[in-house]
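To start, the structure under review is shown below, and the notes come after it.
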Amino acid sequence: MRYFGGAPGERYPADFWAQVYALYETSFPGLPAGIQRAEAVGVPWPTNTTPFTLFDGDEAVSHVGVLMQPMRLGGEDRLVAGFHAVCTRPSHRGRGLARRLLAEACAFADARTPLSELSTDDPPIYTGHGFRVTQTYRFVASPAAPSSVVCRPLRPSSVAADLELLRGLLRRRAPASSRWGTLEPGWLVLTDAALSRRADTVFWSLPEHDAVIAWEAVGDDLHVLDVIAARLPPREVILGALPPTRGRVLWSFAPDLLDPEASPEPVPAANGAFMTRGPWPSLGPIGVSPLWEH
């Protein structure tokens with residue numbers, strides 16, 4: 001086995017990444033195609049991740065990725081290590097390869113920040129490395145008076161001006177939550193949107209407020225995924241930009257800066273587990289937007 005780890009992803013050649021993407025496809029079908037969509041909106045995958053990888057001959061067989069995300073946590077700016085794309089080729093499972101790489105990745109992260117996080121459908125893989133399941137919430141918006149706000153959909157994957165508008169606001173964004181909010185300048189939001197095929201469906205510009213909101217319909221409910229602005233618009237403006245719904249409006253992140261009266265409800269376990277590692281501060285109910293996940 002050949003081990004590669006600890007160097008920024010952009011230092012590895014294209015053939016290295018071609019093998020890693022082939023490995024991804026065995027565990028996360030469609031991920032390499034999503035990576036291509038992210039590159040199309042100006043977010044090359046290797047630029048923001050540090051890979052820990054084992055090769056058997058010329059074939060990548062196990063991988064753990066680590067990225068560093070600046071965040072606002074409990075009113076303070078902190079750096080958080082995000083673990084992602086943890087996988088082993090089916091032919092090589094059961095040999096402890098991912099466990100070895102997770103140990104290396106945890107040591108790397110610990111040298112840079114005491115705080116780590118990840119999202120997973122299989123928590124037991126990570127508990128032996130100090131990760132613990134942390135309950136997340138979504139927040140039912142408090143009632144607002146009806147209003148109408150000028151807005152238009154953005155198509156950043158196909159309209160260059162829309163992409164530039166969105167990237168510009170992401171670069172100078174204020175955190176949407178002081179309790180738990182991303183501060184990264186756009187690479188994570190754009191990557192998550194591209195991977196989940198949301199890039200051309202969820203972003204809406206509010207030109208009179210120099211803001212973009214991201215929302216999607218889930219059944220009869222509307223989920224607010226993000227609010228991107230240098231100065232957050234009032235709750236009434238955000239809710240007024242949404243279409244009428246027979247259901248509820250849910251914030252997918254803690255709206256302490258926007259709607260402090262919103263009611264938290266636990267995210268169902270069927271949606272997967274969110275796990276944290278290290279001395280996390282006491283934050284109260286938190287929400288992790290699908291556009292802020294690793």
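Rule-based calculations on the coordinates, nothing more; no lab input. Being a predicted model, the structure only gives us computed values, none of them experimental. Neighbour counts are summed over all protein chains in view; Cβ atoms, including those assigned to glycine, are modelled from backbone coordinates with ideal geometry.
Some observations on this one:
- Peptide packing: for 27-33, 251-257, the average count of neighbouring Cβ atoms within 10 Å per residue gives the ranking 251-257, 27-33, highest mean first.
- Extreme residue, positive dipole direction of region 2-133, given options ALA14, GLY65, GLN36 (C-beta unit charges): GLY65
- Max-minus-min Cα coordinates of region 174-259 on each principal axis give 34, 28, 26 Å, with the largest extent listed first.
- By the beta-carbon count within 10 Å of each Cβ, the least crowded to most crowded order of GLU25, GLU184, GLU76, fewest first, is GLU76, GLU25, GLU184.
- Among beta bridges identified by DSSP and lying wholly in the chain, the antiparallel ones come to about 90 percent.
- Measuring nothing but how far apart in sequence close Cα pairs (under 8 Å, 6+ apart) lie, relative to its length, region 185-257 scores a relative contact order of 24 percent.
- Pair PHE108, ASP121: separation of 7 Å Cα→Cβ label points (nm): 2.5 nm
- Cβ crowding within 10 Å ranks VAL133, VAL61 as VAL133, VAL61, fewest other Cβ atoms first.
- Estimated inter-spin distance, THR134 and SER27, nm [label 7 Å along Cα→Cβ]: 2.2 nm
- Ordered by the count of other Cβ atoms within 10 Å of each Cβ, fewest first, ARG235, ARG155 give ARG155, ARG235.
- Burial order of peptide ranges 209-216, 145-152 (average beta-carbon count within 10 Å, highest first): 209-216, 145-152
- The Cα center of region 209-225 and the Cα center of region 129-153 differ in position by 8 Å.
- Helix 31-40 vs. the chain, principal-axis angle (Cα, 0 to 90°, nearest 10): 60 degrees
- Largest GNM mean-square fluctuation among ASP192, ASP122, ASP110, using the chain with Cα springs under 10 Å: ASP122.
- SER178 long-range amide H proximity, modeled H, under 5 Å: ASP256, LEU257
- Compactness of region 2-133 was expressed as the Cα radius of gyration divided by 2.2 N^0.38 Å, which yields 1.04.
- Simple spin-label estimate for ARG172 and ALA40 gives 2.9 nm between the two label positions (7 Å along the Cα-to-Cβ direction from each Cα).
- Calculated FRET value between ALA269 and ALA161, using beta carbons and R₀ = 30 Å, to 0.05: 0.10
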